[in-house]
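Here the structure comes first, spelled out in structure tokens, and everything after it is commentary.
The values are calculated or read from the model by the stated rules, or taken from the named source; none is laboratory data. Not measured: the values here are computed from a predicted model. Backbone-built Cβ (ideal geometry, glycine too); neighbour counts: all protein chains shown. What goes into the accessible areas is simple: the full protein's heavy atoms, side chains included, and nothing from ligands, DNA or RNA. Shrake-Rupley method; radii C 1.70, N 1.55, O 1.52, S 1.80 Å.
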Amino acid sequence: MDPTRQFTDRLGVTVDSKSSYLLVAVLLVAGTCALAVPIISFIRVLFSLFILPGKSLSSYGPRGSWALITGASDGIGKEFALSLAAKGYSLLLVSRTQSKLDSLASDISTKYGPKISVKTLAMDFGQNKDSDYAALRKLIDGLDVSILINNVGQSHSIPVPFVETPADEMNNIITINCMATLKVTQTVAPGMISRKRGLILTMASTGGFFPTPLLATYSGSKAFLQQWSTALASELEPHGVHVQCVQSHLVTTAMSKIRKPSALVPNPRQFVRSVLGKLGRSGGAQNVAFTSAPYWSHGLMIWFLSRFIGERAPIVVKINRSMHEDIRKRALRKAARDAKKQ
Ligand SMILES: NC(=O)c1ccc[n+]([C@@H]2O[C@H](COP(=O)([O-])OP(=O)(O)OC[C@H]3O[C@@H](n4cnc5c(N)ncnc54)[C@H](OP(=O)(O)O)[C@@H]3O)[C@@H](O)[C@H]2O)c1
């Protein structure tokens, strides 16, 4: 057949058969890529979440070196403390309530004896006091702090329109979530840089990954942490310090007010096990540098929404708003019932 022969299609467009073969080939390649890219990405997510192990903790610092955990007396932070003690790290526990820190320190000492040293510091990050940060510098002075868990965080007491957000709640969220994380990291990171090793994990949230109406200030603070952590990770990588932002959806803690674990809402132990078991892996956060969504259901949710819909897509924000409007209505009804009982 003469490859240069021309024919006229039904629309009356004249195409030579060479061009039509080329067009079909281009469409085939484009179609294959359009199908293959998400399939390959999904396989990578499955491997990352379920099969491949993370880096070992000891590659960031030897057992016996120190791990500093903020917001260590409850929820996810407390679980980090217990898990890191079990792995042989000494602990610097920082949070607001001394009695809760004392009780955790005593539980750890009873379980592990003198093998694991524990120091505590009670400070209210919301106060942003220079004297507290001076005490923190003193606490870590001369210690080999190889792990920093930037865990402390505060959210809104209930979902609330931004314009009605109480000023003290707004200030606390920004001061605790953002300012404290920056200041603690500036205190600890220079030592890691000088030792050319270390691990800095920062707790972000899907509340910040997906813009979350009625939690606007919290959402913005966690988006800030994501951006800051990724930028910092790139700065510290040449110094041998690994910085990783940890993306999480709900976990059963006082903050989420959810008690019963489910497939989408792990308890702190399940969640922290996934974080420490997948260090250096991205889980469901495939295209965000130096970031991990290590818990399987959170990872799959983040991967699916960001790949097929877009984390800031109008539909995602709309659904998120109606979800949080419902939560607010329920919270207000509960508050009214409680007020009646008193
Ligand atoms: N739980 C979730 O569903 C979820 C989801 C995504 C991300 N996260 C993030 O994970 C992190 C931990 O959350 P969580 O649910 O474990 O919280 P949590 O159960 O409420 O525990 C918060 C911890 O932070 C301490 N803390 C709170 N305010 C403080 C302050 N002003 N100064 C010093 N310490 C303070 C608390 O100390 P006291 O015990 O003394 O009050 C407690 O140890 C947060 O950054 C949060 O944003 C949580």
Under 5 Å from the placed amide H of residue 293, counting only residues 5+ away or on other chains, we find 247, 283, 284, 285
For region 306-311, Karplus-derived ³J(HN,Hα) couplings (6.51, -1.76, 1.60; θ = phi - 60°; whole Hz; x for glycine and proline) come out as 6, 6, 9, 10, x, 5
Whole-Hz Karplus couplings 3J(HN,Hα) for region 152-160, θ = phi - 60° and coefficients 6.51, -1.76, 1.60, Gly and Pro as x, run 4, x, 10, 10, 6, 5, 9, x, 8
Probe 1.4 Å, heavy atoms of protein chains only: per residue, the accessible area of the chain in Å² is 52 Å²
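If you average 1/r across every pair of different Cα atoms in region 80-217 and take the reciprocal, what Kirkwood value do you get, in Å?
By the Kirkwood definition, the hydrodynamic radius is 16.6 Å.
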Straight-line reach check, residue 115, cutoff 16 Å on alpha carbons, 8 or more apart in-chain or any other chain, hits among lysines -> 87
Here the membrane-span-like helices of the chain, with no claim about any membrane, defined by DSSP H, Cα axial extent at least 20 Å and mean Kyte-Doolittle at least 1.0, are 17-46
In whole percent, the fraction of accessible protein surface over the chain that belongs to carbon or sulfur atoms, probe radius 1.4 Å, stands at 60 percent
The long-range amide H neighbours of residue 243, using H built 1.01 Å from N in the peptide plane and a cut-off of under 5 Å, are 200
Quick calc, residue 312 & residue 37: beta-carbon distance into FRET formula, R0 22 Å, rounding 0.05, result 0.60
Computed, not fitted: 222 nm per-residue ellipticity of the chain from DSSP H runs ≥ 4 (each -39500 (n - 2.57)), nearest 500, equal to -15500 deg cm²/dmol
SASA check, residue 235, accessible area w/ 1.4 Å probe, all protein chains in place, rounded to nearest 10 Å², comes out at 120 Å²
Relative contact order in percent for region 185-252 (Cα pairs under 8 Å, 6+ apart) equals 43 percent
Heavy-atom accessible area with a 1.4 angstrom probe orders 259, 337, most exposed first, as 259, 337
For 101-109, 22-30, ranked highest to lowest by mean beta-carbon neighbours within 10 Å, the order is 101-109, 22-30
Expected unfolding gain across residue 331-residue 157 under the 0.36 nm per residue rule, minus the alpha-carbon gap, is 61.7 nm
Placing each pseudo-label 7 Å from Cα in the direction of the beta carbon, residue 27 and residue 167 end up separated by a distance in nanometres of 6.5 nm
Of 258, 39, ordered by accessible area with the largest first and a 1.4 Å probe, the sequence is 39, 258
With all protein chains present and a 1.4 Å probe, the order of 33, 245 from largest accessible area down is 33, 245
Expected field for residue 110, accessible surface area in Å² at 1.4 Å probe radius, rounded to 10, holds 120 Å²
